[in-house]
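Just so it is clear, none of the values below were taken in a lab; they were calculated from the coordinates. This structure is a prediction, so every number in the text was calculated from the model and none was measured. Cβ atoms come from the backbone with ideal geometry, glycine included; neighbour counts cover every protein chain shown.
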């Protein structure tokens with residue numbers, strides 16, 4: 001069995017994506033081993049985004065099929081379509097508030113699997129809808145799946161160190177969010193194939209739900225329970241132990257009595273008791289990871305609260321303290337303007353394009369594929385926000401992350417105003433120009449989401465699940481708000497975009513005075 005080695009504080013790029021280097025202070029990974037499934041860090045990372053991704057296959061499955069198939073089959077009005085989108089977002093808002101405390105109590109792995117299983121039930125019942133009220137009911141309960149975002153982000157925050165948590169959260173969130181774009185492609189492809197095979201529209205869209213979301217949701221839930229782990233220390237209830245048993249064994253094998261953590265101004269020492277032997281699990285753990293010294297340059301020379309934070313059960317005292325803390329509302333309200341806007345666009349864009357450009361050559365499928373672009377850009381745009389958050393943190397600390405988040409929110413607002421003004425200034429706005437503006441808008445919008453969740457782990461770090469739930473819920477509240485703006489504005493919806501942009505700019509500017517910790 002190879003011995004764990006004390007790794008360099010500055011691993012090569014290849015090492016950062018293939019090897020798990022662990023901070024001895026908290027057992028969290030200081031690299032992002034995307035190309036390896038050998039360690040719990042990499043497995044949990046991929047399971048976190050996959051769970052969130054699969055939720056979109058049902059949560060947003062109606063959006064690409066509504067403009068033509070569902071609308072004609074159920075004889076829906078434009079107002080009823082808008083209402084169904086709002087109902088779906090409202091349920092997710094409530095669920096995220098509930099899921100946050102559940103994550104702090106039971107851990108993100110179990111909560112993620114539970115949401116996927118519960119969400120599969122209404123997904124399977126989608127084919128029974130026969131009226132607008134039935135659509136509202138099913139979409140409300142399918143909206144439960146939007147709560148997967150909370151365990152997704154809490155899971156990566158629990159396993160990745162502050163030096164990489166921004167990109168870990170942004171990658172998991174971005175790749176998961178891209179499910180919104182993939183859903184348009186997958187559901188339309190399945191639906192069109194069923195139509196070509198001879199099924200009627202009435203049957204085809206209903207069968208699509210049974211073929212795609214249900215089996216995927218149940219499969220990912222099973223993978224999460226089988227291959228995921230709760231915490232670097234092992235079980236969720238062991239999260240208060242420090243250092244974790246397998247990590248302690250790795251240190252003992254190095255014959256170390258004390259690990260010195262350089263901190264620039266001083267040193268923090270973690271005492272480790274020696275043991276006579278290790279279990280097989282501990283030996284395997286130590287073979288898969290490298291013990292890494294804390295790099296003082298990357299943490300501004302100081303060990304911060306987030307380094308040693310542990311999820312606390314949510315009590316009334318915790319709720320009161322969290323809600324009274326401005327650090328709760330800083331990322332929460334910023335996320336309301338960025339993710340809220342994205343949710344509204346993802347849910348409505350296909351129908352908006354179909355209403356504006358409907359013709360013999362512009363059908364439901366074309367509108368859906370164009371709308372899919374917005375969600376698919378999350379594959380790299382949201383991770384970019386998290387990556388820049390981590391880079392800025394190394395030089396400017398948490399304030400750097402704050403200003404990056406707010407600046408991206410303001411830029412998104414300005415671009416939304418520009419898009420709205422362009423649409424309203426022409427009787428027939430060019431589709432090509434609209435697509436280009438939407439792409440640029442999406443890049444800043446989604447990067448803002450990524451930067452935001454590089455900031456969240458530094459805010460109320462001992463209530464990470466609850467904090468993630470609040471921020472996520474406010475994002476959904478923003479989705480409801482911006483969806484209402486779209487619903488109340490007439491075709492071609494230009495006014496809705498520029499009103500949304502003004503709101504985003506004002507809110508992000510007003511958040512700037514809120515102070516954040518240095519590290």
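Would you work out if the stretch 163-230 is rounded, prolate or oblate? Take a ≥ b ≥ c from the square roots of the eigenvalues of the alpha-carbon gyration tensor; rounded if a/c is under 1.5, else prolate when a/b is larger than b/c, oblate otherwise.
Cα axes put the stretch 163-230 in the oblate bin.
With contacts defined as alpha carbon pairs under 8 Å and 6 or more residues apart, what's the relative contact order of the chain in percent?
Across the chain, relative contact order equals 25 percent.
Between the stretch 403-469 and the stretch 6-82, what's the alpha-carbon centroid distance in Å?
19 Å
How do 152, 90, 459 rank when sorted from fewest to most other Cβ atoms within 10 Å of their own Cβ?
Listing 152, 90, 459 from fewest to most nearby Cβ atoms yields 90, 459, 152.
Using alpha-carbon positions, what is the distance between the centroids of the stretch 325-392 and the stretch 178-195, in Å?
The stretch 325-392 and the stretch 178-195 have Cα centres separated by 17 Å.
Using a Förster radius of 30 Å, what is the FRET efficiency between residue 514 and residue 237 based on their Cβ-Cβ separation? Nearest 0.05, please.
Calculated value: 0.30.
Among 59-69, 163-173, how do they line up by average Cβ neighbours within 10 Å per residue, starting with the highest?
Highest-to-lowest ranking by the protection proxy: 163-173, 59-69.
Does anyone have the angle between helix 165-177 and the longest principal axis of the chain? Alpha-carbon axes, 0 to 90°, nearest 10?
That works out to roughly 30 degrees.
Taking Rg/Rh (Cα atoms, Kirkwood Rh) as the quantity of interest, determine which of [x] 1.00; [y] 0.96; [z] 0.94 was computed from the displayed structure.
The value matching this structure is [x].
Using Cβ contacts closer than 10 Å as the measure, can you line up 316, 407, 112 from fewest to most?
Lowest count first: 316, 407, 112.
Label the stretch 354-446 by shape, choosing from rounded, prolate and oblate, from the square roots a ≥ b ≥ c of the eigenvalues of the Cα gyration tensor; if a/c is under 1.5 it is rounded, and otherwise prolate applies when a/b is larger than b/c, oblate when it is not.
oblate
Rounded, prolate or oblate: which fits the stretch 128-192, taking a ≥ b ≥ c as square roots of the Cα gyration tensor eigenvalues, rounded meaning a/c under 1.5, else prolate when a/b beats b/c?
Verdict is oblate for the stretch 128-192.
Just to confirm the number: angle between the C-alpha axis of helix 179-196 and the first principal axis of the chain, 0 to 90 degrees, nearest 10?
Here the helix axis deviates by roughly 40 degrees.
Nearest 10 degrees, 0 to 90: what angle lies between the long axis of helix 381-424 and the longest principal axis of the chain (Cα atoms)?
Once rounded, the angle reads 10 degrees.
How would 236, 14 line up from fewest to most surrounding beta-carbon atoms within 10 angstrom?
Final ranking by Cβ density, sparse to dense: 14, 236.
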